[in-house]
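Read through the structure below, which is laid out as structure tokens, and then see the notes.
The values are calculated or read from the model by the stated rules, or taken from the named source; none is laboratory data. Everything quoted here is computed from the prediction, not taken from an experiment. Please note: Cβ atoms are built from the backbone with ideal geometry, for glycine as well, and neighbour counts cover all protein chains shown.
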């Protein structure tokens, strides 16, 4: 039995919205791996604390993906104590799946500031990196980051399945003009967020009184 290939998309998902889901679908189609996991961040170390709790964000993801078996939700960062450093998460994945092709998906903005991540140089040794860019995104890498990314540059999505880690692939996606911050602002001002998030997520937000 061959080792699995697992795509990991992390984020705060505060709340999860159709922009997240459509981006994930495009990446899923492009990479064609065995599994695609959404990874809600428990305690983000590089940004302000989320507005919804970790358990609430986890539940919103589960509601959003309940009818889509191509995607699963991984709760390891929510359950783990302390800051959610990606290097620790990938190390945990690697212990669980020693031979798997692990693929970490990050946005262009995150890639541009990769040198601010905890032990960022260890990431390519634990997983492949897919840098997801939208129209208007620009790559602005510090020299140290650029050198690491160029060293692992891959041209074909399927090449990521051939080894456990170490390759870097750029993938351009279409972008839906939706952001979590804009959704929170709408709800806070008393306006509707309908058609920006899945209906079960919207009902949960209303039931929990989130973002008001």
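Summary of computed values
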| item | result |
| --- | --- |
| Lone qualifier among 129, 123, 196 - being crowded, with 18+ Cβ neighbours inside 10 Å and without any contact (Cβ under 8 Å) to a residue 40 or more places away in the chain | 123 |
| Total residues in the stretch 65-79, condition within 18 Å of residue 6 (Cβ to Cβ) and part of a loop (DSSP other than H, G, I, E, B) | 6 |
| Among (1) farther than 17 Å from residue 123 by Cα; (2) surrounded by 15 or more Cβ atoms within 10 Å (Cβ to Cβ) - the single one residue 77 does not satisfy | (1) |
| Options 98, 40: the member that is under 12 Å from the mean Cα position of the chain (by Cα) and modelled with pLDDT of 95 or more | 40 |
| Residue list for the stretch 34-43, restricted to those being in a loop (DSSP other than H, G, I, E, B) and crowded, with 21+ Cβ neighbours inside 10 Å | 41, 42 |
| Condition met for residue 178 (in contact with a helix residue (DSSP H, G or I) (Cβ under 6 Å, 6 or more places away or on another chain), in a loop (DSSP other than H, G, I, E, B) and under 26 Å from residue 135 (Cβ atoms)) | yes |
| Filter result (under 24 Å from residue 21 (Cα atoms) and touching a helix residue (DSSP H, G or I) at 6+ places or on another chain (Cβ under 9 Å)) within the stretch 101-119 | 101, 102, 103, 104, 105, 106, 107, 111, 112, 113, 114 |
| Candidates 65, 31, 61, 39 - the one that is within 21 Å of residue 119 (Cβ to Cβ) and either in contact with a strand residue (DSSP E or B) (Cβ under 8 Å, 6 or more places away or on another chain) or in contact (Cβ under 8 Å) with a residue 40 or more places away in the chain (or both) | 39 |
| Residue in the stretch 139-156 that is surrounded by 19 or more Cβ atoms within 10 Å (Cβ to Cβ) and part of a loop (DSSP other than H, G, I, E, B) present | no |
| Set 162, 147, 115: member being closer than 27 Å to residue 90 by Cα and modelled with pLDDT under 95 | 162 |
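Residues are listed down the side, and each one gets a yes or a no for (1) part of a helix (DSSP H, G or I); (2) at pLDDT 95 or above:
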position	(1), (2)
2	no, no
6	no, yes
23	yes, yes
45	no, no
56	yes, yes
62	yes, yes
83	no, no
